[in-house]
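Have a look at the structure below before the remarks.
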Amino acid sequence: MKNYIKDQIKKSYETKQAIYQNEELLNKIVEVCRLCVELYRGKNKTILAGNGGSAADAQHIAAELVGRYGFDRPSIPSLALTTDTSNLTAIGNDYGYDKVFSRQLEGMGQTGDIFFGISTSGNSQNIINAFEVAKQKGIKTVALVGRDGGEMAKIADIALIVPSDSTPRIQESHILIGHIICDIIEKEIFGDGVN
């Protein structure tokens with residue numbers, strides 16, 4: 001059993017090593033960080049959504065921004081569309097599950113916001129629908145995906161594709177990337193910046 005555990009840790013490390021060595025992906029993470037810092041120097045917000053474990057990731061990242069990541073500072077506006085059960089169930093019941101995020105984004109998203117759609121496959125229809133609403137409203141879109149990026153990578157303004165086919169490895173890496181983005185936003189807006 002210990003060898004199995006070690007193998008799982010090794011696979012997680014190897015996925016992160018692949019990200020570390022992927023200059024194109026690293027440059028896209030830098031681009032997303034710059035967009036977020038620019039957004040937060042204005043009056044806009046980040047909005048996030050995902051399904052299942054990716055819903056938890058959306059909430060986790062939003063909480064790091066609204067609460068705190070590394071040090072005490074003013075709250076940063078971020079919204080996870082996965083948290084309001086009344087919205088989710090009403091929209092799901094009245095319009096269908098494919099509309100649970102697009103309908104919320106239609107009501108709460110504003111031009112200049114950034115919408116992060118999180119999906120290991122990149123093919124979540126409810127996120128794809130939200131991307132379409134985002135485009136109509138002038139909201140930038142970031143796909144946080146894995147595998148080949150799926151349909152989301154094709155329509156997002158920026159696609160951060162974790163180089164893995166394993167759902168657990170992709171999700172672990174999504175949180176790593178999310179933490180890096182939160183860290184840089186916090187330090188650039190309220191700290192001494194990063195090099």
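The values are calculated or read from the model by the stated rules, or taken from the named source; none is laboratory data. Being a predicted model, the structure only gives us computed values, none of them experimental. Because the Cβ atoms are built from the backbone with ideal geometry, glycine has one as well, and the counts that use them run over all protein chains shown. For accessibility, only protein heavy atoms count, side chains too; no ligands or nucleic acids. Shrake-Rupley method; radii C 1.70, N 1.55, O 1.52, S 1.80 Å.
Give K16, K6 a once-over and let me know the one that is within 20 Å of A159 (Cα to Cα), in a helix (DSSP H, G or I) and not aromatic (F, W, Y).
Unique residue meeting the criteria: K16.
Which condition does I76 not pass, out of (1) in contact with an Asp or Glu (Cβ under 8 Å, 6 or more places away or on another chain); (2) open to solvent by 60 Å² or more (accessible area, probe 1.4 Å), if it passes all the others?
Here I76 clears every test but (2).
I need the full set of residues from the range 40-52 which are surrounded by 19 or more Cβ atoms within 10 Å (Cβ to Cβ) and not aromatic (F, W, Y), in order please.
Within the range 40-52, N44, K45, T46, I47, L48, A49, G50, N51 qualify.
Pick from the range 55-64 the residues that are under 27 Å from D98 (Cβ atoms) and in contact with a helix residue (DSSP H, G or I) (Cβ under 7 Å, 6 or more places away or on another chain): which of them is most open to solvent (accessible area, probe 1.4 Å)?
Among those residues, the one meeting the criterion is H60.
Pick from the range 79-102 the residues that are in contact (Cβ under 8 Å) with a residue 24 or more places away in the chain and not in a loop (DSSP other than H, G, I, E, B): which of them is most open to solvent (accessible area, probe 1.4 Å)?
Y97
Is it true that S121 is more than 30 Å from P168 (Cβ to Cβ) and modelled with pLDDT of 95 or more?
Here the answer is no, as S121 does not meet what is asked.
Go through the range 23-39 and report how many residues are more than 14 Å from the chain's Cα centre (by Cα) and open to solvent by less than 50 Å² (accessible area, probe 1.4 Å).
So the answer is 3.
Inspect the range 16-37 for any residue being among the small types (G, A, S) and at positive phi and give the result as yes or no.
No, every residue in the range 16-37 fails to be among the small types (G, A, S) and at positive phi.
When the range 13-40 is examined, which residues are found to be free of Cβ contacts under 8 Å to residues at least 12 places away in the same chain and within 10 Å of I185 (Cα to Cα)?
Of everything in the range 13-40, those that are free of Cβ contacts under 8 Å to residues at least 12 places away in the same chain and within 10 Å of I185 (Cα to Cα) turn out to be R34, E38.
So which pairs qualify, if the first residue must be in the range 135-152 and within 16 Å of I19 (Cβ to Cβ) and of a type outside the set (S, T, N, Q), the second must be modelled with pLDDT of 95 or more and open to solvent by 60 Å² or more (accessible area, probe 1.4 Å), the Cβ gap must be under 7 Å, and the two must be at least 6 apart or on different chains?
V142/D157; R147/D165
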